[in-house]
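Everything on this sheet refers to the single structure shown next.
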Amino acid sequence: ELLGFYYDSEKNRYFRLLPGHNNYNPLTKESIQYKAMECKRLRLLEEEEKQKKKTTRAGLNSSVLLQKRQLGLLSSTSYCRLVHELKVNCMQRRKIEIHSPDSSVAGTNNFKIIVADVACERIFTVNDVEHGGCKYGIINLSGLGKESLTVEMYDNLYFTNRKVNSVCWASLTHPDSHLCLMGIAETPGCASLLPASLFSSTNPGDRPGMLCSFKISTAWSCAWCLNPQADNCFSTGLTRRVLVTNVVTGHRQTFGTSSDVLAQQFATQTPMLYNGCRSGEIFSIDVRQRSRKGQSWKAIRLFHDSAVTSIRLLEAEHYVMAADMAGKIKLWDLRTAKCVKQYKGHHNEYAILPLHVNEEEGLLTAVGQDCYTRIWSLQDAHLLRTIPSPHPSSKDAIPSVVFSSRLGGRRGVPGLLMAVKQDLYHFSYN
């Protein structure tokens, strides 16, 4: 790079960056980088349309896999894992038609967050509204079929102007019966527990009210506990503290921290809460103990070099996956407190972006700040696929995704759902 100049790769020469007049200069580093990124995105989209079948690794295709399996050169586990890799690279994008009882608002607001329930039958959506607030809804995936890609979306009857930082499903009366919402603190913020039946199309006259709502300082994250030893509890990651609330008794525990808690997840086999902080620290809390001063209650402590934005426990709960604002994704062994794998290629500088781990398929999915969706092999951290966004990259157009081999339930259509701007896309996985 030369100071005051930019290099044009097409013309193979340098041009001077002139100072802007009237605070306007079309030639800035940002505009040049954006133009280059947009050219790359359009080229990748064109390549995806032309190339129907791709390979994740050199020499890997379905015939070779089957032959090796028949010759006994591949175990059942390795064969299944590699088949999933082939499926991922053959996924094709199709747009989903969204139906809503209120046709005037269907597809008019930008998707901000989509979160699937455990069975992947419903997706909770947070949409940005033009006047600056958010609206909530639930998309029923039961209509997602091989022939017609249509879904039903039920907009919220409970409307709020509050922006939302974090959402998780909660199992209070039955699996995924409620939703925990953490509102951005426009002094003050708000934590709410809403019944999912608020978004049902049945019995519109009989609407249950909000179960739990209280004002808090800035809320960054939330998590629901499924362990019976800490039943009916959810956690809220706040500025320099963790708040664990029992929604039935109203009892609260406060744990002071030295940094903002940006990511949380409860273990299911033990009543342990794992937290990721802005300082880069990851620590666990046994929620059965009373809150204590100092750092003595931290059971496990791991450290990243940058703010931790997402953590995901693997099923056996011996490993935790963590992503940070330096774009690093690491797999930590909790027994030895050491990093055992690193997944390269993720892009992040300042955004709080989630990780999606699918152990059954052996896949890790993450959307970067550059708006590319990347899929890795959990087994060896190999980058399997990079999916460009259907829309131009921007801060307000980062896709939100859900991946499952049973979208819409057990008889559903497998694949990747991608919500970006006002559109919902399905990448078929079969």
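The values are calculated or read from the model by the stated rules, or taken from the named source; none is laboratory data. Just so it is clear, the structure is predicted and the values come from calculations on it, not from any experiment. Positions of Cβ are generated from backbone atoms using ideal geometry, with glycine treated the same way; all protein chains shown enter the neighbour counts. When the accessible area is computed, the model is the full protein with side chains, heavy atoms only, and any ligands, DNA or RNA have been set aside. Shrake-Rupley method; radii C 1.70, N 1.55, O 1.52, S 1.80 Å.
So what is the diffusion coefficient of segment 244-368 in µm² per second by Stokes-Einstein at 25 °C and 0.890 mPa s, using a Kirkwood Rh over Cα pairs?
On the way: Rh = 15.1 Å.
The diffusion coefficient I find is 162 µm²/s.
Beta carbons within 10 angstrom, averaged per residue: use that to sort the peptides 394-403, 174-183, highest first. Could the numbers behind the result be given before it?
Details: 394-403: 17.3, 174-183: 20.1.
Most protected by this proxy first, the peptides run 174-183, 394-403.
Please state, rounded to one decimal and in Å, the Kirkwood hydrodynamic radius that segment 290-362 gives when every pair of distinct Cα atoms enters the mean of 1/r. Let's see the in-between values first.
Values: mean 1/r = 0.0744 Å⁻¹.
So the Kirkwood estimate lands at 13.4 Å.
If I model a spin label at L314 and S63 as a point 7 Å from the Cα along the Cα→Cβ vector, what separation in nanometres do I get?
3.5
If the cut-off is 18 Å between C-alpha atoms, which aspartates and glutamates fall inside it for K40, apart from same-chain ones fewer than 8 positions away?
Straight-line reach from K40, under 18 Å: D8, E10, E30, E48, E49, D370.
Order of 302-311, 276-285 by packing, highest average Cβ count within 10 Å first?
Numbers: 302-311: 20.2, 276-285: 22.1.
My ranking of the peptides, most packed first, is 276-285, 302-311.
Could you look at segment 95-428 and say what percent of its accessible area is carbon and sulfur, using a 1.4 Å probe and all protein chains? Intermediate results must be reported in sequence, preceding the final value.
Values: 6580 of 13790 Å².
Its accessible area is 48 percent carbon and sulfur atoms.
What 222 nm value per residue comes from the helices of the chain, counting each DSSP H run with n ≥ 4 as -39,500 (n - 2.57) and dividing by all residues, nearest 500 deg cm²/dmol? Please report the intermediate quantities before stating the final value.
Values: 3 runs with 45 residues, N = 430.
Helix contribution divided over all residues of the chain: -3500 deg cm²/dmol.
So what are segment 227-300's ellipsoid semi-axes, whole angstrom, largest first, if each one is the square root of 5 times an eigenvalue of the alpha-carbon gyration tensor? Mind dumping the intermediate values first?
Details: eigenvalues 69, 33, 27 Å².
Equivalent ellipsoid of segment 227-300: 19, 13, 12 Å, largest first.
Starting from the amide H of L407, placed 1.01 Å from N in the peptide plane, find each other amide H under 5 Å away whose residue is 5 or more places distant or on another chain.
Long-range HN contacts for L407: V413, G415.
Using the Cα centre as the reference, give the magnitude of the dipole from point charges on the C-beta atoms of segment 95-428 (Lys, Arg: +1; Asp, Glu: -1; all else neutral), rounded to the nearest 20 debye.
Numbers: 33 positive and 29 negative charges, 214 e Å.
Here the size comes out at about 1020 debye.
Of I352, I300, V261, which is farthest on the positive side of the dipole of the chain, counting Cα position, with +1 on Lys and Arg Cβ, -1 on Asp and Glu Cβ, and the Cα centre as origin?
I300
How far apart, in nanometres, would the label points at H347 and T270 be if each is projected 7 angstrom from Cα along the Cα-to-Cβ direction?
Modelled inter-label distance: 3.9 nm.
Points 7 angstrom from Cα along the Cβ direction at E359 and D423: gap in nanometres?
Computed distance between label sites E359 and D423 equals 3.6 nm.
Could you work out the relative contact order of the chain? I mean the mean sequence separation of Cα pairs under 8 Å and 6+ apart, divided by the number of residues, in percent. Could you put the intermediate results ahead of the total?
Details: 990 pairs, mean separation 51.9, N = 430.
Relative contact order, the chain: 12 percent.
Can you tell me what share of the DSSP beta bridges in the chain is antiparallel? A percent to the nearest 5 is fine. Intermediate values should be presented prior to the final figure.
Details: 114 of 117 bridges.
The answer is about 95 percent antiparallel.
Mind checking the per residue accessible area of segment 95-428 for me, 1.4 Å probe, whole number of Å²?
Numbers: 13790 Å² over 334 residues.
Result: 41 Å² of accessible area for each residue.
Can you tell which of S235, S166, L211 lies farthest toward the positive end of the dipole of segment 95-428, using +1 and -1 charges on the Cβ of basic and acidic side chains (Lys, Arg; Asp, Glu)?
S235
If one computes P(r) from the Cα atoms of the chain, what percent of pairs lie at distances over 37 Å?
Details: 26098 of 92235 pairs.
When all Cα pairs of the chain are counted, 28 percent exceed 37 Å.
Mind running the shape call on segment 336-422? Use the C-alpha gyration tensor, a ≥ b ≥ c as the square roots of the eigenvalues: rounded below 1.5 for a/c, prolate if a/b tops b/c, oblate otherwise. Kindly include the intermediate steps, with their values, before the conclusion.
Values: a/c = 2.04, a/b = 1.07, b/c = 1.92.
Since a/c reaches 1.5 but b/c is at least a/b, the shape of segment 336-422 is classed as oblate.
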